[in-house]
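Okay, so here's the structure we're looking at.
Every read-out reported here was derived from the displayed coordinates using simple, explicitly stated rules and does not represent laboratory data. Not measured: the values here are computed from a predicted model. All Cβ positions, even for glycine, are placed from backbone atoms using ideal geometry, and neighbour counts span all protein chains on display.
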Amino acid sequence: MIDLAAIVSQVRRGMIPAHVYADLEIFAAERDRLFARTWVFLAHESEIPEPGDYVVRRVLADSFIVARDEAGLVRVMFNMCLHRGMQVCRAEMGNASHFRCPYHAWTYRNDGRLAGLPFHQEAYGGEDGFPRAGQSLLPAPSMGTYNGLIFISLDPGAPALSDYLGDFAFYLDFYTRQSPAGVELRGPQRWRVKANWKIGAENFAGDSYHTPHTHASVVDIGLFREPKASKRIQGALYQAGPGAGTTYKLPPAGNEHSGFADQLRYVGYPDAMIPVVAATWSDRQRALVADSGFMPSAATLFPNLSFVHNWPQIDDAGTVVPFISLRQWQPVSERETEVLSWFAVDAAAPGDFKRKSYQAYLMCFGSSGMFEQDDVENWVSITDMAAGSMARRLNLNSRMGLTSEGKPVKPPLAAFAGPGVAYQGFGEYGQRHWLSQWSDHLERDAR
Amino acid sequence: MTAARPLPYGDPAHLAAHQFLVEEAALLDAADYAGWLELLCEDIRYLMPVRVTTARGAGFDTLAGMGHFDEDLYALRKRVQRLATDHAWTEDPPSRTRHFVTNVRTFRDEGDDLQVESALLLFRSRGDTREADLISAGRTDLLRATADGLRLARREIIVDESVLRTQNLAVFL
């Protein structure tokens with residue numbers, strides 16, 4: 001038996017018992033204490049634009065149908081037949097007015113209500129034996145949306161999604177609201193890697209320190225305008241609400257009036273988009289980019305949804321084009337994760353920009369992405385090493401940025417326009433912020 | 001699927017196309033990526049759509065607007081350049097790969113160009129203890145007749161899994 005209290009107390013001081021990255025008991029605790037309660041991302045509304053459109057997504061082992069019903073409302077339903085428990089919808093996506101269970105043909109409308117079952121009169125004696133009214137596929141216990149992102153919680157008493165997102169919503173807008181039209185998601189690419197799900201989530205929450213070395217190859221080949229990845233140390237790392245992320249420090253803008261447009265142009269946004277972005281973001285959001293000079297890059301929303309924004313050169317002429325990706329680290333087991341990686345782009349962006357941004361994404365992230373390839377190599381190796389006996393004797397040092405007394409090595413940035421706390425330079429602030437939430441959950445009772 | 005009938009197996013054009021695919025596989029298995037790039041046309045399109053599980057009758061089984069690959073020559077060159085650096089960790093130590101190419105059917109396209117369908121099974125082993133990966137796919141290639149012989153102008157890879165069971169696509173199919 002593991003001693004959860006002892007593990008959590010080590011994690012809280014920034015020393016992570018290595019076995020937590022390959023431990024069956026920890027995985028069970030995460031399932032029963034963390035994923036049983038927290039808000040988890042399932043899909044984006046742009047994936048199901050028309051009535052009847054649906055996708056099937058999971059929270060660990062639980063399969064859910066995410067459908068747009070005939071009235072245009074988004075519904076999330078547990079994908080298990082009320083009768084014998086068959087998985088009702090076995091496709092990943094499609095369009096349907098009804099879902100019919102293959103076993104005995106119980107049939108549900110795309111809002112989840114039971115529409116009919118064969119031989120209702122003969123077999124059940126009609127409404128007396130089986131009243132159909134109110135019978136419905138189990139709805140997700142809690143559901144909420146933000147910028148079209150659809151989240152559910154398995155806890156019917158979960159706090160409102162907006163309360164949960166808190167200060168991180170400010171940063172979510174950078175990735176998912178560049179115009180009133182919002183973002184459109186394409187994908188996901190799905191692939192399974194022999195890595196623990198926490199490692200990717202932590203990495204995106206604040207590991208700017210790995211970029212110069214892990215991703216040296218993409219700098220070697222001139223995929224980026226900046227000749228050295230070591231400038232990553234100038235970026236700010238922020239922690240806000242349930243999220244944390246990294247930014248890049250941009251070169252100084254032309255002048256104080258053109259700052260915002262200059263910064264967006266520098267990372268490759270076309271002039272057609274910039275006034276729309278400027279009008280969509282708040283003064284404070286613009287100030288993060290223009291006055292503070294930081295452009296959001298990687299981030300993680302606890303527990304397992306990450307974001308990335310970067311701007312490679314997509315041709316020999318050196319055309320810089322930005323891309324955005326959303327990715328989910330879907331736990332399969334303590335040693336395996338399914339990665340779901342979407343390309344995201346402003347729905348109102350010019351077609352030519354969408355095409356180029358997609359190219360930029362494919363080169364960098366996703367199943368074939370040149371960044372992602374080397375990231376996953378690290379995560380698989382950590383998981384492999386964490387599975388043995390010696391890993392139970394090793395606490396991994398995750399204290400970067402802390403003095404021996406647990407104080408920040410450098411004070412937080414005073415002039416940082418965004419909410420939360422931000423530090424400039426390297427430090428595992430974001431990872432500890434993520435792990436602190438993980439610890440909170442593991443200290444609660446199992447549901 | 002191509003409606004026309006494939007060339008007879010004894011047709012010199014079919015034999016040339018088949019040999020092209022086998023020679024290409026040998027270059028990839030030898031990790032001679034620079035040599036492989038020389039087989040590609042300047043306007044190459046190298047595509048691998050994301051396959052999805054849909055109901056029979058849905059009318060589609062790939063994602064619209066999202067692939068695992070959608071590459072031009074610039075992107076493929078960058079990938080090859082990366083593998084040649086000292087920092088491409090995911091392929092250092094390198095994979096041991098074997099591209100099994102079979103079920104080759106050749107069709108006449110415009111002029112001397114050929115459309116070639118093949119089945120590919122990629123065996124990929126890394127390290128000493130990891131389980132090996134298998135990727136099964138069908139490919140439809142456009143081979144263009146040039147002064148230097150056949151060159152690959154377009155490849156569409158239809159992978160047979162919707163969820164890939166390989167760590168990444170740091171390999172070519």
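Observations, loosely collected:
- Cα-based Rg / Dmax (Å) for the range A:166-443: 18.3, 59
- Most fluctuating residue given options A:Gln87, A:Gln431, A:Gln178, as computed from a GNM of chain A linking Cα atoms under 10 Å: A:Gln87
- Debye equation applied to the C-alpha atoms of the range A:151-253, log10 I(q)/I(0) at 0.24 Å⁻¹: -1.35
- Inter-centroid distance (Cα atoms) of the range A:241-316 relative to the range B:49-118, Å: 33
- Between B:Leu121, A:Trp342, B:Leu40, the Cα set farthest toward the positive side of the dipole of the protein assembly as shown (charges on each charged residue's Cβ, about the Cα centre) is that of A:Trp342.
- Distance between the range A:174-230 and the range A:96-163 - C-alpha centres, whole angstrom: 37
- Shielding of B:48-61 by partner chains, average beta-carbon count, 10 Å: 4
- Inter-label distance, B:Ala34 to A:Thr403: 5.4 nm, where each label sits 7 Å from its Cα along the C-beta direction.
- Fluctuation leader among B:Thr97, B:Thr129, B:Thr106 - chain B, Gaussian network, Cα springs under 10 angstrom: B:Thr129
- For the peptide A:33-39, the mean number of other protein chain Cβ atoms found within 10 angstrom of a residue's Cβ is 0.
- Compared with the alpha-carbon gap, the fully stretched path from B:Asp61 to B:Cys41 is longer by 4.3 nm at 0.36 nm per residue.
- Mean Cβ neighbour count within 10 Å, used as a protection proxy, ranking A:19-30, A:47-58 highest first: A:19-30, A:47-58
- Charge dipole (Cα centre; +1 on Lys/Arg Cβ, -1 on Asp/Glu Cβ; no other charges) of the range A:40-147 amounts to roughly 260 debye.
- Per the Debye calculation on chain B with a single equal scatterer at every Cα and no solvent contribution, log₁₀ I(q)/I(0) for q = 0.09, 0.13, 0.16, 0.18 Å⁻¹ amounts to -0.33, -0.69, -1.04, -1.28.
- Across the range A:333-447, C-alpha contacts under 8 Å between residues 6 or more apart give a mean separation that, scaled by the residue count, equals a relative contact order of 14 percent.
- Alpha-carbon radius of gyration plus Dmax, which is the widest Cα pair, for the range A:40-147 in Å: 14.1, 48
- Counting DSSP beta bridges with both ends in the protein assembly as shown, the antiparallel % (nearest 5): 95
- Contact order relative to length of the range A:166-443, as percent, for alpha carbon pairs under 8 angstrom and 6 or more apart: 30
- Sequence ranges A:187-196, A:281-290, A:338-347, ranked by mean other-Cβ count within 10 angstrom, highest first: A:187-196, A:338-347, A:281-290
- Charge tally in the Cβ shell below 12 Å around A:Phe99, where Lys, Arg are +1 and Asp, Glu are -1, A:Phe99 excluded: +3
- Based on the Kirkwood approach, the hydrodynamic radius assigned to the range A:317-364 is 12.4 Å, with every pair of different Cα atoms included.
- With the convex hull drawn over the C-alpha atoms of the range A:162-219, the volume per residue is 171 Å³.
- Taking the charge dipole of the protein assembly as shown about its Cα centre, with +1 at Lys and Arg Cβ atoms and -1 at Asp and Glu Cβ atoms, the residue from A:Ser208, B:Ala4, A:Asn397 reaching farthest to the positive side is A:Asn397.
- Debye-sum result for the range B:1-75 in log10 I(q)/I(0), which assumes one identical scatterer on each alpha carbon, at q = 0.14 Å⁻¹: -0.75
- Shape box of the range B:96-173 [Cα atoms, principal axes, largest first, Å]: 49, 26, 19
- Kirkwood analysis of the range B:78-132, using all unique Cα-Cα pairs, places the hydrodynamic radius at 14.2 Å.
- For the range B:71-116, the list of trypsin sites (Lys or Arg not before Pro) that fall in a loop by DSSP and count at most 13 other C-beta atoms within 10 angstrom is empty.
- By the Cβ-Cβ criterion of under 4.7 Å, the unpaired cysteines of chain A are A:Cys89, A:Cys364.
- Size estimate for the protein assembly as shown follows the Kirkwood approach: the inverse of mean 1/r over distinct Cα pairs works out to 26.1 Å.
- Helical runs assigned H by DSSP (4 residues or longer) give the protein assembly as shown a calculated mean residue ellipticity at 222 nm of -7000 deg cm²/dmol, each run adding -39500 (n - 2.57) before division by the residue total.
- Translational diffusion coefficient of the range A:251-315 (Stokes-Einstein, Kirkwood radius from Cα pairs, 25 °C, 0.890 mPa s): 190 µm²/s.
- Mean separation of Cα contacts under 8 Å (6+ apart) over length of chain B, as relative contact order %: 24
- Note on B:74-86: average number of Cβ atoms from other chains within 10 Å of each residue's Cβ is 5.
- FRET efficiency, 1/(1 + (r/R0)^6) with R0 60 Å, evaluated for B:Arg108 and A:Leu138 via beta carbons: 0.60
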